[in-house]
Amino acid sequence: MELRTLRYFLTVAREQSISAAAESLHISQPALSRSMQRLEEELGVTLFERQRSRLTLNDMGELAVRYARNLLLQENAMIQQ
């Protein structure tokens with residue numbers, strides 16, 4: 001698991017859309033979609049409820065957001081130290 005993938009995940013969670021998150025991150029929508037699929041495969045869980053035009057976090061996604069935020073905060077603290 002890469003920290004970049006966690007940043008991508010948090011952006012998708014915030015935007016509730018792969019296409020909006022891809023635009024915000026300046027990457028292609030298919031690349032971001034594949035990244036989220038790989039993250040779900042790596043974790044062995046589904047993180048999103050997929051609806052027509054938006055994604056919402058399910059319970060596992062909410063838990064993953066908390067862990068991802070914590071890991072990225074720790075990364076930042078390590079860099080600052």
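The values are calculated or read from the model by the stated rules, or taken from the named source; none is laboratory data. Everything numeric in this text was worked out from a predicted model, so none of it was measured. Neighbour counts run over all protein chains shown; Cβ positions are idealised from the backbone, glycine included. Protein only, heavy atoms only, side chains kept; ligands, DNA and RNA dropped before computing areas. Shrake-Rupley method; radii C 1.70, N 1.55, O 1.52, S 1.80 Å.
Go through the stretch 6-42 and give me each residue that's touching a residue at least 24 places away in the same chain (Cβ under 8 Å) and farther than 13 Å from Leu55 by Cα. Steps first, please.
Narrowing the stretch 6-42 to residues touching a residue at least 24 places away in the same chain (Cβ under 8 Å): 6-10, 12-13, 16-18, 32, 35-36, 38-39, 42.
Of everything in the stretch 6-42, those that are touching a residue at least 24 places away in the same chain (Cβ under 8 Å) and farther than 13 Å from Leu55 by Cα turn out to be Leu6, Arg7, Tyr8, Leu32, Ser35, Arg38, Leu39, Glu42.
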Worksheet item: Taking only pairs six or more apart or across chains, which ones have beta-carbon atoms under 7 Å, a first residue in the stretch 47-61 that is without any contact (Cβ under 8 Å) to a residue 60 or more places away in the chain and within 17 Å of Gln37 (Cβ to Cβ), and a second residue that is open to solvent by 40 Å² or more (accessible area, probe 1.4 Å) and among the hydrophobic types (A, V, I, L, M, F, W, C)?
Response: Leu47/Leu57; Leu47/Met60; Phe48/Leu57; Met60/Val45
